[in-house]
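Notes follow once the structure below has been shown.
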Amino acid sequence: MSVADRLGTGSSFSETRRSRSARGRAKAVTQGDVPVYELVRLRLSEVSPTPLNPRRNFGTAEDKTRFGEELRQAQLAACVAVTRAAYLALWPDHEDRIGDADHVLVNGERRFHSAVHVGLEALDFVVRDDLAASREGFINHLLKENLEREDFDVIERARGVEQLVAVCAEAGERGARSRAAEQLRKDRSWVTNQLVLLDLPAELQAMLSAGSLPERDGRTLARYAKENPELDAAALLDHLKAAKEAAAVAKAEERLRLRAAIPDGEERGSLSADNKPAGQEQPPAVDAQLVESAASRQGKSSLSADNKDSQGSEAPHGSAVLLSADNKTAWSAPRPPPAPAST
């Protein structure tokens, strides 16, 4: 298919663009004046959603009304579709399911349903037959678009992964999960974890979709159900509750053992303001007034580091200076006067 053929004539563009010849449109693309895919205005009655979309929930009636009225004012993102011929070339058995539609919707089904809900007749589309080059590529694109949605529930995602693995298996059953993981840029274990959720009873799948059952718990139950296939949903939930209670008791017992190992009055790892472990005895503080009082009674003074006393005078002649371990000084008893020098 040539570039000109892919461009089409979109009603969402100006009259000048719509009136371009095929040669002129191709030149405009080369120059970067217009995108390769132009918008086309399609009547919704001529479009069918793809039966392959794993998404089933498109919002409540209130949600559709609100979104549909927003679309009436402005459609900020175009829907994506492929032609009927391109789609049926991949899935000829879907002819009855898409009816007489000229195009099959790929992305934007929430916009589609909301527009139909409020009575809109048409929306802007981009027609991308290149997305229907292969079954594997089509499903991959369909799933990737949904994986980016925040509200894509767990079971919808798992169904989409299952579809991708199925089309990957058409080229060979061996390695299908690895190929699907590569397409989605995920680990093979991630793909496996999605698929096991579909083995759970319908009641538990509904809880996963609603968000009342965490996905991690769902995977745990899926593994347990594989080992105990006779258990129903209620029995599996009872097992999950008992396992969580047992884990909580074990954790509480471990905390008690840790506390019992710490001596009374001490807390593991706690430090005082001076970075000393809590409970460690500190040396008694020296009372400076007692030192001065004792020195005063002995008629002595204290010296600073430069051998000055507290009043700034030098040490009296004949007094010995004592240094403590912290380089503090105090006068010792007076030295005896030196003997007279002999002549």
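Here R188 fits the description: without any contact (Cβ under 8 Å) to a residue 12 or more places away in the chain and either among the aromatic types (F, W, Y) or in contact with a helix residue (DSSP H, G or I) (Cβ under 6 Å, 6 or more places away or on another chain) (or both).
With respect to D100, determine if the residue is charged (D, E, K, R), loosely packed, with under 14 Cβ neighbours inside 10 Å and within 19 Å of V127 (Cα to Cα). Yes; evaluated as a whole, the condition is true for this residue.
When V167, V196 are checked against the criterion of being modelled with pLDDT of 90 or more, of a type in the set (A, V, I, L, M, F, W, C) and under 30 Å from S134 (Cα atoms), a single residue qualifies: V196. Within the stretch 168-203, restricting attention to residues that are among the small types (G, A, S) and assigned to a helix (DSSP H, G or I), the residue that is farthest from E215 (Cα to Cα) is A171.
Taking the stretch 240-269 as the range and being under 18 Å from L197 (Cα atoms) and either modelled with pLDDT under 90 or loosely packed, with under 10 Cβ neighbours inside 10 Å (or both) as the test, no residue passes. Test G172 against the criterion of being under 14 Å from P51 (Cβ atoms) and at pLDDT below 90, and give yes or no. It is false that G172 is under 14 Å from P51 (Cβ atoms) and at pLDDT below 90. Within the stretch 105-133, residues that are within 22 Å of H94 (Cβ to Cβ) sit with their Cβ atoms under 7 Å from residues that are modelled with pLDDT under 90 and of a type in the set (D, E), at 6+ positions apart or across chains, in these pairs: N107/E145.
Just one residue in the set L71, L105, L44, L88 is in contact with a Pro (Cβ under 6 Å, 6 or more places away or on another chain) and surrounded by 15 or more Cβ atoms within 10 Å (Cβ to Cβ); that residue is L105.
Could you tell me which residue of the stretch 58-109 is farthest from N140 (Cα to Cα), considering only residues that are of a type in the set (S, T, N, Q) and in a strand (DSSP E or B)?
Among those residues, the one meeting the criterion is T83.
Taken over the stretch 109-139, the criterion of being touching a Leu at 6+ places or on another chain (Cβ under 8 Å), within 20 Å of V40 (Cβ to Cβ), of a type outside the set (V, I, T) and surrounded by fewer than 19 Cβ atoms within 10 Å (Cβ to Cβ) is satisfied by L120, E121, A122.
The values are calculated or read from the model by the stated rules, or taken from the named source; none is laboratory data. The shown structure was predicted, so the numbers you read here are calculated from the model rather than taken from an experiment. With ideal geometry, Cβ positions are generated from the backbone for all residues, glycine too; neighbour counts draw on all protein chains shown.
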